[in-house]
Amino acid sequence: MEGMFLRKKFNIWLFLLFACGLFFIGLYIFLNIVDPKATSELLTFLIMGILIILVVIPSWLLNFGAFIHIDEDSIKAKYHWFGKIDCKLSDVTFAVARVNTLIIQLKDGKTHTIMGIENSWPLASIIRRNIPFEVTEQPEILMEKLNNLKATKKNGLIYVCSGVALMFVIVFVTVFLTGEREMHEFSNIDWTIFAIMVATEIATAVATFYFAGKTGKNNIPIEKLQYEIQRRIIETQPLLPGFVIAVYTDENYTGRITLFGYPHDSAVYYSVQEFDSDYTLFRAYTSDVYGSQEELPADFETLIDITDKVLH
């Protein structure tokens, strides 16, 4: 499967921003020729122009020449400006899709976050279908790890919310301690209070962003553990009673579909099992009887056949 990157359409805002950058640089050169003595005073135009262009050009070049190719046993990709992947599917531990974003985790601990992909979900699906599943821990142990991660994330969110609230409190306290005076009316004591509060505000902001980043890093490990728990249960839990013909699931292992038949008869029916809040599989639906497997819904073609793994 090939990755489809978002086509670079003409962006009028980037073009106007680039034109502004060129205008500022050109204005600096022109005014410098007209009045060479004013060079230092006009330096701001040059700096602004250069900074604008340094922002616009990398934005234009993002994913220039980018590609991602996934075959039966490997992934090769070039993305963003310098990102590259060249590995076996056996080196991948997990893949996650977001809106126009594909996240690939490798066994060596490296994570590739590829943005600007139109078909991120199909790519993540094919990776999950083909990567080896080597988790041997019991679901109970995995659930304990999951609960610990969720508790860590919850504490992190509390710290982030507290930090944001504290930043507002610092502003109000500063205004109160300085008597709501304008800055040009500050006394020496007011300036001392203001300096302390600014330092405190900066420290609080840094701490808040730190906890926000640390908390956000728990999202993928939590999703990965949920996937491992569900897959482990689906592949190991006893099947529903009956004459089992085949067992299916989806690439996210969100449920299990068991196809049943009858001895010496082509008629079939299926049962759908889903997860309860405590990761217990329960029967959610049982179909009517079909004359044969050829009459089953077309959705069965998109499912993963795990019969050999379950009926061992």
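Taking the stated definitions as given, is LYS107 open to solvent by 90 Å² or more (accessible area, probe 1.4 Å), basic (Lys, Arg), within 24 Å of ILE229 (Cα to Cα) and touching a helix residue (DSSP H, G or I) at 6+ places or on another chain (Cβ under 6 Å)?
Taking the combined requirement at face value, the residue satisfies it.
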Can you find, within segment 110-145, the residue that is least open to solvent (accessible area, probe 1.4 Å) among those that are more than 27 Å from ILE233 (Cβ to Cβ) and free of Cβ contacts under 8 Å to residues at least 24 places away in the same chain? THR113
What's the number of the condition ILE68 fails, among (1) more than 20 Å from ILE25 (Cα to Cα); (2) open to solvent by 50 Å² or more (accessible area, probe 1.4 Å); (3) in contact (Cβ under 8 Å) with a residue 24 or more places away in the chain? (2)
Could you give me the residue pairs with C-beta distances under 6 Å whose first residue belongs to segment 188-202 and is of a type outside the set (Lys, Arg) and open to solvent by 60 Å² or more (accessible area, probe 1.4 Å), whose second residue is modelled with pLDDT under 90 and in a helix (DSSP H, G or I) wherever it lies, and which are 6+ apart or on separate chains? none
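In segment 220-303, which strands (runs of 3 or more DSSP E) lie fully inside it and hold 1 or more residues that are surrounded by 15 or more Cβ atoms within 10 Å (Cβ to Cβ) and of a type in the set (D, E, K, R)?
255-262
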Of all residues in segment 286-310 being among the polar types (S, T, N, Q) and within 18 Å of ASN130 (Cα to Cα), which is modelled with the lowest pLDDT? THR302
Out of (1) modelled with pLDDT under 80; (2) within 30 Å of ASN100 (Cα to Cα), the one MET4 does not meet is (1)
Taking the criterion of being surrounded by fewer than 17 Cβ atoms within 10 Å (Cβ to Cβ), at pLDDT below 80 and more than 21 Å from ILE220 (Cα to Cα), would at least one residue in segment 81-93 satisfy it? no
What residue, among those in segment 21-42 that are open to solvent by 60 Å² or more (accessible area, probe 1.4 Å) and at pLDDT 75 or above, is nearest to SER74 (Cα to Cα)? LEU22
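The values are calculated or read from the model by the stated rules, or taken from the named source; none is laboratory data. Keep in mind it's a predicted model, so treat the numbers as computed, not measured. Note that each Cβ is placed from the backbone with ideal geometry, even for glycine, and that neighbours are counted across all protein chains shown. The protein model used for the area step is the full one, side chains on, heavy atoms only, and it has no ligands, DNA or RNA in it. Shrake-Rupley method; radii C 1.70, N 1.55, O 1.52, S 1.80 Å.
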